[in-house]
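Undergrad: If you scroll down you'll find the structure; I have some questions about it.
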């Protein structure tokens, strides 16, 4: 079953309680289906950055579910993405992000090309 995600869903799902998205940079990982690469990248960044970065992911053509192999592989590195689901890429999600990292979405992302002036802590 495909779940339509609004930008509010994306923000609420990716923000930890007490993590004010206005006080920390937001990173959006984008791939075509939001079922593999972008989910893995988002899961890893969320694990290692903790509350210092709000992490989101989306896809230009979202799949119905996260690839089960991705869930299994990420579990092996202690990152649980089993609760995630593919989300649609929207103008609002891009504009709300300080950094947008594309992962093989090619021409599908072209209309959102921009330069970021965000400051992402290392």
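Undergrad: Filter the range 66-122 down to the residues that are under 20 Å from residue 33 (Cα atoms), assigned to a loop (DSSP other than H, G, I, E, B) and modelled with pLDDT under 90 and list them by number.
TA: Scanning the range 66-122 gives 103, 104, 105, 113.
Undergrad: Closer than 22 Å to residue 98 by Cα and assigned to a helix (DSSP H, G or I): does that describe residue 41?
TA: Taking the combined requirement at face value, the residue satisfies it.
The values are calculated or read from the model by the stated rules, or taken from the named source; none is laboratory data. Treat the numbers as computed from the prediction; the structure is a model and nothing was measured.
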